[in-house]
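FYI, it's all coordinate maths here, none of it is from the lab. Just so it is clear, the model here is predicted, and its values are computed rather than measured. Glycine also receives a Cβ, built like all others from the backbone with ideal geometry; neighbour counts cover every protein chain displayed.
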Amino acid sequence: MNEITSNDTRDIILDVTEKLIYKSGIAATGMDLLVKTAGVSRKSIYRYFANKEELTVAALQRRDQRWMQWYRSEVGQAKTPADRLLNLFTVLKSWFLSEGFRGCAFINTSGETGDPQDPVRLVARDHKQKLLGYLHELCAELCTEHGAEDPQMLAKQLLILIDGAITVALVMGDHSAADNAQCMARKLLDL
């Protein structure tokens, strides 16, 4: 018989929290629902997390790590810098078409917080900064290869296209938003 370790319990709690928050939001994810869905006691949750906010932040931080790793890996399969930049949107489209797509967890949860210094908002900001940093890396590669200027500005513009495509895909149910954003990126990058 397999024994559940404390790390397994913590991981289960974080996995369930992330799924519930992504599906329904922070406010709709109460402790009773977490306890029931995770199959653990409240005491177990509070053994690892002081409160719901701490649990939410930890779940979002895990999502950030996993999502960024997935996105980098998928985008990085393209051969050239220009292809990798265009692949940003091809990969997004595959995500939009996946079962359970509910938009960007970080945009969604930020919308539930009013305070710009709220820990949830800070996790979201950190996620977007990491994404911007990755975009800057890709733009710097392109600029080195093609002699283009200002990779930081290109990265900021691509971030707007990415977040815009994600939002349109969620709100409008328009998965072609990734194709439209890719078309705009081609023009922006002069490809």
Notebook entry, point to check: Angle, helix 6-24 long axis vs. longest principal axis of the chain, Cα atoms, 0 to 90°, nearest 10?
Noted result: 60
Margin query: Once each part is reduced to its C-alpha centroid, what is the distance from segment 70-106 to segment 47-62 in angstrom?
Written below: 27
Next item on the list: First measure r as the distance between the Cβ atoms of T144 and Y46, then evaluate 1/(1 + (r/R0)^6) with R0 = 45 Å and state the FRET efficiency to the nearest 0.05.
Entry: 0.35
Note to self: Helix-only estimate, please: 222 nm mean residue ellipticity of the chain, summing -39500 (n - 2.57) across DSSP H runs of length 4 or more and dividing by its residues, to the nearest 500.
What the structure shows: -25000 deg cm²/dmol
Next item on the list: At a Cα cut-off below 16 Å, give the lysines reachable from K52, other chains included and same-chain residues fewer than 8 away excluded.
Entry: K19, K36, K43
Next item on the list: Would you mind telling me which residue in A38, A178, A124 has the biggest mean-square fluctuation in a Gaussian network model of the chain, where springs connect alpha carbons within a distance under 10 angstrom?
Entry: A38
Notebook entry, point to check: Relative contact order (percent) for the chain, with alpha-carbon contacts under 8 angstrom and 6 or more residues of separation?
Noted result: 21
Next item on the list: Identify the GluC sites (Glu not before Pro) of segment 1-63 meeting these criteria: DSSP loop state and at most 16 other C-beta atoms within 10 Å of the C-beta.
Entry: E3
Margin query: Can you tell me the mean projection area, over all orientations, of the convex hull of the chain's alpha carbons? Units nm², please.
Written below: 12.6
Notebook entry, point to check: If you keep only loop residues by DSSP, which trypsin sites (Lys or Arg not before Pro) in segment 13-43 have at most 13 other Cβ atoms within 10 Å of their Cβ?
Noted result: none
Notebook entry, point to check: Which aspartates and glutamates, on any chain, are close to K156 with Cα under 20 Å apart, when same-chain ones fewer than 8 places away are left out?
Noted result: D64, D83, D126, E137, E141, E145, D179, D190
Checklist line | Local electrostatic count, A82, Cβ distance below 15 Å [Lys/Arg +1, Asp/Glu -1] | finding: -1
Checklist line | Karplus-derived HN-Hα couplings along segment 168-182 (A = 6.51, B = -1.76, C = 1.60, θ = phi - 60°), whole Hz, x at Gly and Pro | finding: 5, 4, 6, 5, 8, x, 9, 5, 6, 4, 5, 5, 5, 5, 5
Next item on the list: Report, to the nearest 10°, how far helix 81-96 tilts away from the longest principal axis of the Cα atoms in the chain, using its own Cα long axis and a range of 0 to 90°.
Entry: 40
Item checked: trypsin sites (Lys or Arg not before Pro) restricted to DSSP loop in segment 86-130 with at most 16 other C-beta within 10 Å -> R102
